[in-house]
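Undergrad: Handing you a structure now.
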Amino acid sequence: MARRRTLTFEDLISILSRLSWWVSLLIGFVSWLILNPVASSPVIIPTGVKPGDMSGVMLSQLWHTFAMIGQYLIPFTCLIGAIGSLVGRHRRKALLEDVKAATQPGKTIDGLSWQQFEQLIGEAFRRQGYSITETGGNGPDGGIDLILRKGGEKYLVQCKHWRSLKVGVPVVREFFGAMAVEGAAGGFVVTSGEFTGAAKAFASGRNIQLLDGAQLKPWLAQHRSRPVDPTFAEPAQPVHQPVPENPVCPVCNSTMIKRLAKRGANAGNAFWGCSKYPGCRGVANV
């Protein structure tokens, strides 16, 4: 049986460094506000304690000891995490600028590790105005790597740094399932390689935008803060094929209802929305 991995000090620093620097500092400050009064209060050991009440006394002493140490250790750890967040942000900016300035950006991207590739994509989305949460995924071949938030909506990103292999439909299908679980409005699958035809067909009409190496490399080479590739339009308004009257949802095949967009670039325009919303977020153009 696999042995459960213990969270180490380095793991905690890594988690904190993925947050915004101010979030790490806020966590440290709040922890100090909670633990300092406990550590400053005197330890009172009641007299005539019965043997059955000793467990409560020991827990109280352990909590006081933890507060004495934690009031300094936790804020210090959060401070290191905040510094790591600032350093990481600087490296991501430098990485994106290096790719932009490269005479052959394709070779530069191919030479990155999968972690650097995820950081590069995250920084590119950040410059489009998204707030980014790096989840770390499950290594180079699985998991949600980035969570984007913008305009009150959440989008997921999966990065595949596969130079020689094509990303097939199983990857896109699993990603679509993750979108449903997370309640995401849309998502992006980004690869430095290619997508199979089946993967492209499955993504069509499912609020999933696929970006392959042929689109990615020219996009990153542009000295712009926003992408010029049409596949990177606002994901809140995904592109769909025209549908007939009384359409069915492209996601769950339920009846669709005509709705009115309340925000975004298409505010005030009508669109077809799944009747099972919010359980299903399938949409189509009118």
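The values are calculated or read from the model by the stated rules, or taken from the named source; none is laboratory data. What you see is a predicted model; the values in this text were computed from it and never measured. For neighbour counting, all protein chains shown are included, and Cβ atoms are generated from backbone atoms with ideal geometry for every residue, glycine included.
Undergrad: Return the pair list, or none, for Cβ contacts closer than 9 Å from residues in the range 182-198 that are outside the structural domain of Gly168 (by TED's automatic domain parsing) and part of a strand (DSSP E or B) to residues that are buried (at least 21 other Cβ atoms within 10 Å of the Cβ) and modelled with pLDDT of 90 or more, at least 6 apart or on different chains.
TA: none
Undergrad: Can you name the residue in the range 83-131 that is surrounded by 14 or more Cβ atoms within 10 Å (Cβ to Cβ), over 18 Å from the mean Cα position of the chain (by Cα) and in a loop (DSSP other than H, G, I, E, B) and is also modelled with the lowest pLDDT among such residues?
TA: Ala102
Undergrad: Now a separate question. Is it the case, given these coordinates, that Gln215 is among the polar types (S, T, N, Q), in a strand (DSSP E or B) and either modelled with pLDDT of 70 or more or assigned by TED's automatic domain parsing to the domain that holds Val169 (or both)? Before you say what the answer is, go through the steps one by one.
TA: Details: among the polar types (S, T, N, Q): yes; in a strand (DSSP E or B): no; either modelled with pLDDT of 70 or more or assigned by TED's automatic domain parsing to the domain that holds Val169 (or both): yes.
So Gln215 fails the test.
Undergrad: Looking only at the range 250-286, count every residue that is modelled with pLDDT under 70 and charged (D, E, K, R) and tell me the total.
TA: Counting residues in the range 250-286 that are modelled with pLDDT under 70 and charged (D, E, K, R) gives 2.
Undergrad: Look through the range 17-42, keep the residues that are over 25 Å from His64 (Cβ atoms) and aromatic (Phe, Trp, Tyr), and return whichever of them is surrounded by the most Cβ atoms within 10 Å (Cβ to Cβ).
TA: Trp21
Undergrad: Out of Ser24, Ser60, I need the residue that is of a type in the set (Ser, Thr, Tyr), part of a helix (DSSP H, G or I) and modelled with pLDDT of 85 or more. Which one?
TA: Answer to the selection: Ser24.
Undergrad: Consider the range 191-212. How many of its residues are surrounded by fewer than 19 Cβ atoms within 10 Å (Cβ to Cβ) and either within 18 Å of Glu118 (Cβ to Cβ) or in contact with a Pro (Cβ under 6 Å, 6 or more places away or on another chain) (or both)?
TA: Counting residues in the range 191-212 that are surrounded by fewer than 19 Cβ atoms within 10 Å (Cβ to Cβ) and either within 18 Å of Glu118 (Cβ to Cβ) or in contact with a Pro (Cβ under 6 Å, 6 or more places away or on another chain) (or both) gives 2.
Undergrad: I need the full set of residues from the range 132-163 which are at pLDDT below 85, of a type outside the set (Phe, Trp, Tyr) and either part of a loop (DSSP other than H, G, I, E, B) or not assigned by TED's automatic domain parsing to the domain that holds Gly187 (or both), in order please.
TA: Once the filter is applied, which keeps residues that are at pLDDT below 85, of a type outside the set (Phe, Trp, Tyr) and either part of a loop (DSSP other than H, G, I, E, B) or not assigned by TED's automatic domain parsing to the domain that holds Gly187 (or both), the range 132-163 yields Thr135, Gly136, Asn138, Pro140, Asp141, Gly142, Gly143, His161, Arg163.
Undergrad: Next question, about the same structure. Name the residue that is nearest to Cys280 (Cα to Cα), counting only residues in the range 170-186 that are in contact with a Pro (Cβ under 9 Å, 6 or more places away or on another chain) and surrounded by 13 or more Cβ atoms within 10 Å (Cβ to Cβ).
TA: Of all residues in the range 170-186, those in contact with a Pro (Cβ under 9 Å, 6 or more places away or on another chain) come to 183, 185-186.
Now drop any that are not surrounded by 13 or more Cβ atoms within 10 Å (Cβ to Cβ), which leaves 185-186.
Numbers: Ala185: 10, Gly186: 12 Å.
By that ranking, first place goes to Ala185.
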